[in-house]
1. In whole angstrom, and with the biggest value first, how far do the Cα coordinates of the stretch 216-295 range along each principal axis?
2. Please compute the length gained on full extension between Ser251 and Ser225, using 0.36 nm multiplied by the number of residues separating them and subtracting their Cα-Cα distance.
3. Calculate one ³J(HN,Hα) per residue across the stretch 249-257 by plugging θ = phi - 60° into the Karplus curve 6.51 cos²θ - 1.76 cosθ + 1.60, and present them in order as whole Hz with x for glycine and proline.
4. For the pair Thr173/Lys156, report the inter-label distance in nm, with labels modelled 7 Å from Cα in the Cβ direction.
5. Mean 1/r over all different Cα pairs, inverted: what Kirkwood radius does the stretch 219-266 give, in Å?
6. Under a straight-distance cross-link criterion of Cα-Cα below 17 Å, which lysines are reachable from Lys156, leaving out those fewer than 8 residues away in the same chain?
7. Would you mind checking the stretch 76-99 for residues with the amide N under 15 Å from a putative spin-label position 7 Å along Cα→C-beta of Asn122?
8. Ranked highest first by the average count of other Cβ atoms within 10 Å around their residues, in what order do 157-165, 282-290, 260-268 fall?
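No lab work stands behind these numbers, since they all come straight from the coordinates. Every value quoted in this text rests on a predicted model; they were computed, and no experiment measured them. Quick reminder, even Gly has a Cβ in these numbers, built from the backbone with ideal geometry, and neighbours come from all protein chains shown.
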Amino acid sequence: MMTPRPIAICILAASLCWCARNVTAQNAAPADEHAPAAPPFSGGGAGTFPTRPNSPQAALDRGKALYKTNCAYCHGEDARGGENGGNNLLRSDYLMKDKVGEVLSSFLQTTISAEHKFSFTNGQVADLAAFIHDFRVNSRDPGRMRPPTILVGDAKAGQAYFQAKCAACHSATGDLKGIATRISDPRNLQQTWLMPMLVNTRPGGGPADGPASNVPRVTVTVTQSDGQKVEGRLGRIDDFFLTLTQADGTSRSFRRDGETPKVEVHDPMKPHKDLLPGYSDADIHNLTAYLVTFK
Ligand code: HEC
Ligand code: HEC
């Protein structure tokens, strides 16, 4: 159903689409600023943002870390929209209606868009929601808060971190050689090493041809009761249902009943997902500063 090229086109379409949205947003901006006197973030009345109880700092910190690594790339550092097609989350209906992550959670679980293949726990989504809600309350400055460059780290410290955390699987002179040439925008490069899963240009293990990433998708093996195995790229999965796309492009779906059929999900990005919670802001900046030297 989804071949690599449509995905690339899809993302391209999303960014074009964002341009269109952005134009609209710019046109709309003055109207917002001249809106009648209601205090902008006090909540309650029509047209204002609902307020929510303050969340504990620890939850906000966890939410911030999750947001930065998983959402900022597309929805912007300040959640007001970004260049990779993500819209303004502060004005999103989902977040407006959301209180403690419940609406966001159902969006993330039910959306079919390729950008949102996350598997967060409810607690993580609650933290994410807390962070986004807090943003809305605290970001009084209508201007964008995007830093001009993300290259603020120390490449030497990044190298040491790389040796410790990444060198078991990657090398500057081997598989990652030239990655900074291939992905010349540091922001995209940073997203690629943080979460190398956004664009799948290499489903069958062939050479990469896309600019963003060459990472395989999540695959799944279903073992049917007669022992026959069916393998493919994972589509949708829940407790009762599973879809996959086989190498020849045909889709299969399976009803699930407890352990039948047996399902093994192989996520090629598991090592990266496991590393995510451990990165500090400094680690992220330092590593990116180091990786941009991989010309
Ligand atoms: C690869 C880019 C990308 C990433 C990463 C991404 N999104 Fe999105 N998101 C989009 C695009 C594009 C849309 C608009 C199309 C759609 O609804 O799928 C969107 C829409 C949404 C919407 C619906 C907004 C509305 O009002 O329709 C929510 C909510 C959302 N994203 C939350 C998140 C959260 C939370 C994260 C991080 C955990 C995230 N997204 C990560 C690209 C992305
Ligand atoms: C346990 C092994 C493992 C570790 C540790 C690991 N990665 Fe990866 N990484 C992978 C796999 C598997 C892929 C996807 C396959 C591929 O394209 O090479 C990948 C993909 C990538 C990519 C995308 C490569 C491309 O060509 O688009 C980058 C960049 C990357 N990793 C950087 C890092 C960094 C930086 C660290 C350390 C913080 C790290 N990785 C730690 C296994 C690992």
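1. Its Cα atoms span 52, 28, 18 Å along the three principal axes.
2. On the way: separation 26, 0.36 × 26 = 9.36 nm, distance 1.94 nm.
Between Ser251 and Ser225, full extension yields 7.4 nm more.
3. So the J values, rounded to whole Hz, are x, 7, 9, 10, 10, 9, 7, 10, 9.
4. 2.1
5. On the way: mean 1/r = 0.0956 Å⁻¹.
One decimal place: 10.5 Å for the Kirkwood radius.
6. Lys165, Lys295
7. Within reach of a label on Asn122, which here means backbone N under 15 Å from a point 7 Å along Cα→Cβ, the stretch 76-99 contributes 99.
8. Those peptides, ordered most packed to least, come out 282-290, 157-165, 260-268.
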